[in-house]
Amino acid sequence: MTTKKNIETGIIVALDENNGIGHDGDLLCHLPNDLKHFKEVTSGHTVIMGRKTYESLPKGALPNRTNVVITADSADKYPGCIVARSVDEALTYSKEGEKIFIIGGGQLYRTTLELVDWLYLTRIHHTFNNADTFFPKIEFEEWTLIQKEEHDVDDRHQYPYTFLTYRRK
Ligand SMILES: NC(=O)c1ccc[n+]([C@@H]2O[C@H](COP(=O)([O-])OP(=O)(O)OC[C@H]3O[C@@H](n4cnc5c(N)ncnc54)[C@H](OP(=O)(O)O)[C@@H]3O)[C@@H](O)[C@H]2O)c1
């Protein structure tokens with residue numbers, strides 16, 4: 001999907017081998033390099049998130065990004081964010097020159113995977129048995145792999161992981 005303003009859209013997500021993305025309102029594990037990657041990819045752009053993902057952010061709205069939260073809830077509970085009632089409404093808030101990134105969670109990914117132009121996946125090479133939130137099935141034949149960067153376990157990263165960038169065919 002490219003919006004009316006011709007802005008490109010992407011999903012960014014860290015998912016395990018079983019497409020698990022969350023547990024009990026939080027991420028499945030802490031990978032500092034993935035947080036750095038997330039910041040590098042999304043800074044200076046618009047991020048759209050579901051209400052539960054907003055609630056999971058330790059410091060609220062993300063700096064240096066236009067933050068849009070989708071919720072039916074009262075708008076004044078989300079400081080630093082624009083509140084939208086639907087995906088369509090959220091997409092209207094991107095600014096000229098900014099890309100749009102859907103940053104989760106599971107419910108929002110399910111309604112936007114069919115729409116976006118780009119996928120930024122961090123594949124965590126592990127299966128978390130406690131995952132309770134999942135990314136939808138990806139039909140990889142619909143996507144072209146543009147970039148791949150593999151990382152091993154190290155002192156700060158308990159699991160190996162791979163950054164993968166896909167463009168819709
Ligand atoms: N691994 C990752 O990369 C990653 C990224 C983000 C989040 N997560 C994890 O995912 C989990 C949260 O995901 P979740 O699926 O439970 O919740 P979510 O998608 O973050 O939020 C769900 C709420 O957002 C609103 N919403 C979402 N999609 C909507 C739509 N299409 N139309 C209208 N409203 C919509 C609704 O808010 P109201 O009920 O207020 O109306 C809904 O209850 C957490 O565990 C979080 O840590 C993981």
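The values are calculated or read from the model by the stated rules, or taken from the named source; none is laboratory data. Quick caveat, the model's predicted, so the values are computed rather than measured. Cβ atoms come from the backbone with ideal geometry, glycine included; neighbour counts cover every protein chain shown.
Do we find that T71 is touching a helix residue (DSSP H, G or I) at 6+ places or on another chain (Cβ under 7 Å) and of a type in the set (S, T, Y) in this structure? Yes, satisfied.
Which of the numbered conditions does T122 fail, given that it passes all the others? Conditions: (1) in contact with a helix residue (DSSP H, G or I) (Cβ under 6 Å, 6 or more places away or on another chain); (2) more than 10 Å from the ligand (Cβ to nearest atom). (2) is the only condition that T122 fails. Kindly indicate whether any position in the stretch 48-57 is among the polar types (S, T, N, Q) and either at pLDDT below 95 or in a strand (DSSP E or B) (or both). No. Which condition does G20 not pass, out of (1) under 25 Å from E150 (Cβ atoms); (2) small (G, A, S); (3) more than 14 Å from the ligand (Cβ to nearest atom), if it passes all the others? All conditions are met except number (3).
Can you find, within the stretch 3-52, the residue that is surrounded by the most Cβ atoms within 10 Å (Cβ to Cβ) among those that are on the phi > 0 side of the Ramachandran plot and among the polar types (S, T, N, Q)? Walk me through it before giving the result.
Kept after step one, since they are on the phi > 0 side of the Ramachandran plot, are these residues of the stretch 3-52: 6, 19, 24-25, 44.
Applying the additional criterion that residues be among the polar types (S, T, N, Q) yields 6, 19.
On the way: N6: 7, N19: 19.
The selected residue is N19.
For K77, the conditions (1) modelled with pLDDT of 95 or more; (2) within 10 Å of the ligand (Cβ to nearest atom); (3) farther than 27 Å from N19 by Cα all hold with the exception of (1).
Selection within the stretch 58-73: residues that are polar (S, T, N, Q) and part of a loop (DSSP other than H, G, I, E, B). The member of this set that is farthest from the ligand (Cβ to nearest atom) is N64. For the stretch 128-157, a tally of residues being assigned to a loop (DSSP other than H, G, I, E, B) and either at pLDDT below 95 or surrounded by 13 or more Cβ atoms within 10 Å (Cβ to Cβ) (or both) returns 6.
Scanning the stretch 90-119 for residues that are under 13 Å from I11 (Cα atoms), assigned to a loop (DSSP other than H, G, I, E, B) and more than 9 Å from the ligand (Cβ to nearest atom) yields K99, L113, E114, L115, V116, D117.
Against the definition (more than 10 Å from the ligand (Cβ to nearest atom), assigned to a strand (DSSP E or B) and under 17 Å from the mean Cα position of the chain (by Cα)), how does T165 come out, yes or no? Working first, answer last.
Details: more than 10 Å from the ligand (Cβ to nearest atom): yes; assigned to a strand (DSSP E or B): yes; under 17 Å from the mean Cα position of the chain (by Cα): yes.
Answer is yes for this residue.
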